[in-house]
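Trainee: My questions will all concern the structure given below.
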Amino acid sequence: MFGVGKAEINSALELELTGRPIASLGAKPELVAANRWWLEPHFLQDGDSWSLNFRTWILRIDGKVVVIDPCNGNGRPHMMPMFDMLDIPFLERFEATGVRVEDVDYVVCTHMHHDHCGWNTMLRDGSWVPTFPNARYLFVQREYQRWHPDKAGDFRQVPYNDGVYERSIAPVVQAGLADLVLDNHRVTPSLCIEPGRGHTDGHCMLRLRSEGEEAMFSGDAFHHPLQLIDHSIAFGDHDDWDAVVETRRRLVRYSLEREMLIIPAHLPFPHAGRVRKSERGLSFEALQY
Ligand SMILES: [Zn+2]
């Protein structure tokens, strides 16, 4: 757990993919070599590998509990074996943080890829029902439209996201727990949804400001901090590449100007950090706690 101003920030891990060759990121070997001094030990491991976490953020702020990006969920078929029919004690891990599913006031998905909205729902007696029965689920309207079956012809097809709307989004709407919001929506006095478009058409981020400190939950605006140093490293799938680059530029600028902490969805420990500038160039300084 760590804090930003008065906010308490906790998380629950679902999956960890370790030992991925750094070459799979698509970064040039010279770039990796030039940044090794700050990449190690967290973002470059055992010399030449990196890892991804699938992690849900649990935030206490302004007397509310906010869940951000509830991972993949159990019992769902998926074309990629590592996500297929998961059976993980995720809710036990979640509640080990001291927050019960009934305590959650808001659920926000930065976007509606399978690994960011799975635990919106769970299977009960053969039906998908909301996991957080007392929460309002804040769905960004633009992102909701992007995945709505009626709009399927307007967007590129993403086979790895098949069935996600039906299992993880529609049941929440049917249960009356969903609020469609704009991507400049204030969740609590200290927490705002803001646009972070590109990775998906309606991808958003969440900005936290408390007692002079600032943090941004950046979802999948990037997957590895080298992508903040060299915006051209694509890794990952994107609806709008130009918007991805613009979002990354904005994150770097805010972090440098205001010491803003960046908290993405998939970083290994310590899961967050700040962009720094020195005579050695830009770097991503891992949060210490
Ligand atoms: Zn993701």
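The values are calculated or read from the model by the stated rules, or taken from the named source; none is laboratory data. Just so it is clear, the structure is predicted and the values come from calculations on it, not from any experiment. When we count neighbours, we look across all protein chains shown, and the Cβ atoms used for this are built from the backbone with ideal geometry, even at glycine.
Trainee: Mind listing whichever residues of region 35-62 are without any contact (Cβ under 8 Å) to a residue 60 or more places away in the chain and of a type in the set (Gly, Ala, Ser)?
Mentor: Answer for region 35-62, where residues must be without any contact (Cβ under 8 Å) to a residue 60 or more places away in the chain and of a type in the set (Gly, Ala, Ser): 47, 49.
Trainee: For region 82-104: of the residues being in a helix (DSSP H, G or I) and buried (at least 17 other Cβ atoms within 10 Å of the Cβ), which is farthest from the ligand (Cβ to nearest atom)?
Mentor: Looking at the filtered set, the residue picked out is 101.
Trainee: Related question: Quick one: count up the residues across region 41-60 that are away from the ligand (no atom under 16 Å from the Cβ) and either on the phi > 0 side of the Ramachandran plot or not aliphatic (A, V, I, L, M) (or both).
Mentor: 9
Trainee: Here's a follow-up. Under 6 Å between Cβ atoms, which residue pairs at least 6 apart in sequence (or on different chains) link something in region 105-127 that is assigned to a loop (DSSP other than H, G, I, E, B) and within 14 Å of the ligand (Cβ to nearest atom) with a partner that is at pLDDT 95 or above and of a type in the set (Phe, Trp, Tyr)?
Mentor: Hits for this filter: 112/147.
Trainee: Would you call residue 201 in a loop (DSSP other than H, G, I, E, B) and within 16 Å of the ligand (Cβ to nearest atom)?
Mentor: yes
Trainee: Still on this structure, I have one more. Quick check on my filter: what residues within region 212-241 are over 26 Å from residue 34 (Cα atoms) and away from the ligand (no atom under 13 Å from the Cβ)?
Mentor: Within region 212-241, 212, 213, 214, 215, 216, 239, 240 meet the criteria.
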